[in-house]
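Note sheet for the following structure.
The values are calculated or read from the model by the stated rules, or taken from the named source; none is laboratory data. From a predicted model like this one, the values you see are computed outputs, not experimental measurements. Neighbour counts run over all protein chains shown; Cβ positions are idealised from the backbone, glycine included. Heads up: the accessible areas ignore ligands, DNA and RNA and are worked out on the full protein's heavy atoms, side chains in. Shrake-Rupley method; radii C 1.70, N 1.55, O 1.52, S 1.80 Å.
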Amino acid sequence: IGRAMTGVPDMTLPSDFEIGQMRLDEAEVLDLWATAEGWNPGIGDLSFAFEIDPQAFIALRRGDRMVGGGSIFRHNASTGFMGLFILHPDYRKRGLGSILWHYRRDHLIERLGADASIGMDGVLDMVPFYRKGGFRQHHLNIRYQGVARGSAPAGCIDLADLKTAQVLDLEHACFGSDRAGFMAAWLCRPGMLGAGIVEAARLSGFAIARPAKTGYKIGPVYASTPEQAARLLDDLCSRIEGKQVQIDAPDANPNAEALFSARGWVPVFRCARLYLGAVPDANLGATFGVCSLEFG
């Protein structure tokens, strides 16, 4: 890969560094880094995503050693997501992160096309940098953390008993873009717990929980009403009683905070959801938990 980085004026990668596609063993290192940063990734999240889209993982290396990395996930021909942007602490504040970030942005645009819609979640301190790179802040995603408590309510259906097409249709409508390949595989991962609500022969809400390095991550959660969201969470929490849970919810849903506060779950982290290009026509009012801050 050439040393001059497209879209980064007057910035050149030092001669002993290179950027290229990440190997699976390096993705496993990135997983360890994410854990060390306190991100508490879902168990197997990175290896799952690598299997779905191996071209999405980009490594910055010095010699044979990976010193930075990130993902540029392709959901479909015109929609993608940037995540997992980590530089090893020994290599920060040297301009390398900026080069790696711009390379990832430009490479994902090449994968998708100039009219692509690209999303990302970024820490608040970095928003000015991302804005200079063409991204616009849309809303905040807030991470709530607590302990799973709940009794299994009547009326919820195990997601495994529903037709996959039903789930994918609702997910498409709420996420605002088609990522059927990603979600169909996400639903089948080992350890996944899912609950759905069917009303008038139509799926009106569903929620998923997956094991994380600590406790469980919950997401996505889509529901037509706060009452439905509460029932879905009760169903999942009854199956993981006493475990730590984390859920990332858009602040654009005014009902999410009240729902989680009533359970004693507290906000522990905030990040900005930003977009380059068109913003997906997502139903954030029905979104009580996003799928993943790393992959959208």
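Kindly evaluate R94 against the criterion of being over 30 Å from G264 (Cα atoms), surrounded by fewer than 20 Cβ atoms within 10 Å (Cβ to Cβ) and modelled with pLDDT under 95.
yes
How many residues does region 117-126 hold that are more than 16 Å from the chain's Cα centre (by Cα) and either over 20 Å from V290 (Cβ atoms) or open to solvent by less than 10 Å² (accessible area, probe 1.4 Å) (or both)?
1
Determine whether P254 is open to solvent by 30 Å² or more (accessible area, probe 1.4 Å), without any contact (Cβ under 8 Å) to a residue 60 or more places away in the chain, assigned to a loop (DSSP other than H, G, I, E, B) and more than 23 Å from V147 (Cβ to Cβ).
Against the criterion (open to solvent by 30 Å² or more (accessible area, probe 1.4 Å), without any contact (Cβ under 8 Å) to a residue 60 or more places away in the chain, assigned to a loop (DSSP other than H, G, I, E, B) and more than 23 Å from V147 (Cβ to Cβ)), P254 qualifies.
Any idea which residue in region 209-244 is nearest to A152 (Cα to Cα), counting only those that are in contact (Cβ under 8 Å) with a residue 60 or more places away in the chain and among the β-branched types (V, I, T)?
Among them, the one singled out is I240.
In the set G95, G83, G68, which member is of a type outside the set (A, V, I, L, M) and within 15 Å of R273 (Cβ to Cβ)? Give the derivation first.
Working: G95 fails: within 15 Å of R273 (Cβ to Cβ); G68 fails: within 15 Å of R273 (Cβ to Cβ).
After ruling out the rest, the residue left standing is G83.
Residue-by-condition table, conditions (1) within 22 Å of K243 (Cβ to Cβ); (2) in contact with a Cys (Cβ under 7 Å, 6 or more places away or on another chain); (3) modelled with pLDDT of 95 or more; (4) open to solvent by less than 50 Å² (accessible area, probe 1.4 Å):
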residue	(1), (2), (3), (4)
G20	no, no, yes, yes
D25	no, no, yes, no
L30	no, no, yes, yes
N40	yes, no, yes, yes
I43	yes, no, yes, no
F48	yes, no, no, yes
F57	no, no, yes, yes
R62	no, no, yes, no
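Do you know which residues across region 145-169 are open to solvent by less than 50 Å² (accessible area, probe 1.4 Å) and out of contact with any helix residue (DSSP H, G or I) (no Cβ under 9 Å at 6 or more places or on another chain)? Please lay out each step first, then the result.
Initial filter on region 145-169 (open to solvent by less than 50 Å² (accessible area, probe 1.4 Å)): 146, 148, 150, 153, 155-156, 159, 162, 167-168.
Listed by number, the list holds a single entry, L162.
Got at least one residue in region 275-284 being touching a residue at least 24 places away in the same chain (Cβ under 8 Å), at positive phi and open to solvent by 20 Å² or more (accessible area, probe 1.4 Å)?
Of region 275-284, the ones touching a residue at least 24 places away in the same chain (Cβ under 8 Å) are 275-284.
Retained after the next criterion (residues that are at positive phi): 277.
Remaining after also requiring open to solvent by 20 Å² or more (accessible area, probe 1.4 Å): 277.
Checked against the condition, which is being touching a residue at least 24 places away in the same chain (Cβ under 8 Å), at positive phi and open to solvent by 20 Å² or more (accessible area, probe 1.4 Å), region 275-284 yields at least one hit.
Yes/no matrix, rows are residues, columns are (1) buried (at least 20 other Cβ atoms within 10 Å of the Cβ); (2) modelled with pLDDT of 95 or more; (3) more than 23 Å from H75 (Cα to Cα):
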position	(1), (2), (3)
A185	no, no, no
P190	no, no, no
A201	no, no, yes
R210	yes, yes, no
E241	no, yes, yes
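Residue-wise test of (1) out of contact with any helix residue (DSSP H, G or I) (no Cβ under 6 Å at 6 or more places or on another chain); (2) among the charged types (D, E, K, R).
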{"residue": "E171", "(1), (2)": "no, yes"}
{"residue": "C174", "(1), (2)": "no, no"}
{"residue": "E199", "(1), (2)": "yes, yes"}
{"residue": "I208", "(1), (2)": "yes, no"}
{"residue": "G215", "(1), (2)": "yes, no"}
{"residue": "Y222", "(1), (2)": "no, no"}
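Anything in region 17-50 that is farther than 15 Å from H88 by Cβ, in a helix (DSSP H, G or I), of a type outside the set (A, V, I, L, M) and touching a residue at least 24 places away in the same chain (Cβ under 8 Å)? List them, or say none.
Hits for region 17-50 are D45, F48, F50.
Name every residue in region 90-124 that is within 15 Å of I72 (Cβ to Cβ) and of a type in the set (S, T, N, Q), in order of residue number.
Passing the criteria: only S117.
Just to verify a result, which residue in region 94-135, among those that are assigned to a helix (DSSP H, G or I) and acidic (D, E), is nearest to S177 (Cα to Cα)? Don't jump to the end; show me each part of the working.
In the first step, residues of region 94-135 are kept if they are assigned to a helix (DSSP H, G or I); the result is 96-112, 124-132.
Restricting the remaining residues to those that are acidic (D, E) gives 106, 110, 125.
Details: D106: 21, E110: 19, D125: 28 Å.
Among those that are assigned to a helix (DSSP H, G or I) and acidic (D, E), it is E110.
Restricting the search to region 64-73, which residues are surrounded by fewer than 22 Cβ atoms within 10 Å (Cβ to Cβ) and at pLDDT 95 or above? Explain how you work it out, then say what you get.
Applying the first criterion (surrounded by fewer than 22 Cβ atoms within 10 Å (Cβ to Cβ)) to region 64-73 yields 64-67.
Residues satisfying the conditions are R65, M66, V67.
Among the numbered conditions (1) in a strand (DSSP E or B); (2) open to solvent by 30 Å² or more (accessible area, probe 1.4 Å), tell me where Q246 comes up short.
The single condition Q246 does not satisfy is (2).
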